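Right, one structure below, let's go through it.
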Amino acid sequence: MCQEQTKQFKQIKGKRLAFLGAGNMGSALIQGIIGNKLVAAVDIWVTDVEQQRLQYLSDNYGINIASNNQAAVSQADVIVLAVKPQQLGSLLDEIASAVDDSKLIISIAAGITLSYLQSHLGDTTRIIRVMPNMPALVGAGMTALCVGSAAQPDDLRLAEDVFRCVGEVSIVKENLMDAVTGLSGSGPAYIMVVIEALADAGVKLGLPRDTALKLTTQTVLGAAQLLKEKGVHPAQLRDMVASPGGTTIAGLFALDQGGLRAALIEAVEAATRRSKELGQ
Ligand SMILES: NC(=O)c1ccc[n+]([C@@H]2O[C@H](COP(=O)([O-])OP(=O)(O)OC[C@H]3O[C@@H](n4cnc5c(N)ncnc54)[C@H](OP(=O)(O)O)[C@@H]3O)[C@@H](O)[C@H]2O)c1
């Protein structure tokens, strides 16, 4: 771990964590935290309905299996709620009596608002609401955080520590969480469609399927990495490839004619609208 990272991660040192739900996202976070040596395995408790999943995590990472959700909450300073949104209501009712103001609650349940969480756990409970995305499963996630009214600045820094283990983090106001859901939450699915279409084009033009997919995947990854490292506007890098009268400008013109930009903007708007509807 580099020195900069060590500084960023200092807030979480010495804390005891509980993960309620150890599915895709809960497991990814546990792996990220253990892999980055942020918290010792003995200081992590986990619960899930699936006993096999718990046993796997305990055997491979040495973390503790809690006997139930209340017991996990009692053991921990920081509780990560990582069950499906529709499972959250009953979970909150189950743990409410074990939650007090000494504990920080981090919810990753999509669409579940701070006011809903606060209404179950109390107005003085310190809560952070989080929207991660699927690439967190390979440590390349994008997570947005927003802060409940009782949460302290150190709570936010701690939550940043946790999600930096599985990628990048941004802080937003809660009223922008639906837009986050429409963009980075749903975004990996849009990019999969783009990748699939580009690979299909390669196959249409005679490339073997596996070669076409490899060319496409690395092109998308490389373009994103270049943009991130250069920190410039994407149009600057696009113009570097599009030489006058060349191949790329011909392709870009076809993309404009096909309405790719408008389709992507409409996709993010549609997903944001749907997120708002589901949150009501
Ligand atoms: N996966 C993503 O890409 C992604 C992205 C953004 C946000 N999120 C959010 O992250 C949360 C978790 O998603 P996920 O994909 O990790 O879901 P998941 O794989 O279904 O994991 C949830 C786990 O919690 C278990 N569970 C259910 N009720 C429980 C209870 N009362 N106590 C303890 N464990 C319980 C579930 O068991 P059963 O399967 O037996 O019910 C399951 O193993 C969701 O709220 C979702 O909105 C996920």
In the chain, how many lysine pairs have Cα atoms under 13 Å apart, counting only pairs 8 or more places apart or on different chains?
4
Report, in debye and to the nearest 20, how large the dipole of the chain comes out about its Cα centre when Lys and Arg carry +1 and Asp and Glu carry -1 on their Cβ.
520 debye
Starting from the alpha-carbon convex hull of region 138-280, give the projected area averaged over all orientations, in nm².
11.2 nm²
Residues of region 217-248 with backbone N under 15 Å of the label point set 7 Å from the Cα of ALA140 along Cα→Cβ are 217-229
Where nothing but the Cβ of Lys and Arg (+1) and of Asp and Glu (-1) is charged, how large is the charge dipole of region 187-279 around its Cα centre, in debye to the nearest 20?
120 debye
Treating the angle as unsigned and between 0 and 90°, give the value, to the nearest 10°, between the Cα long axis of helix 85-95 and the longest Cα principal axis of the chain.
20 degrees
Connecting every pair of Cα atoms under 10 Å apart in the chain and solving the GNM, the largest mean-square fluctuation among LEU156, LEU260, LEU88 falls on LEU260
The chain - Rg and Dmax from Cα coordinates, angstrom
21.3, 69
Dipole of the chain (Lys/Arg Cβ +1, Asp/Glu Cβ -1, origin at the Cα centre): which of LEU38, ILE106, ALA212 lies farthest to the positive side?
ALA212
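None of the figures in this text is laboratory data; all of them are computed from the coordinates on show. A quick note: this is a predicted structure, and the numbers were derived from the prediction, not measured. Counting neighbours? That spans all protein chains shown, and the Cβs are built from the backbone with ideal geometry, glycine included.
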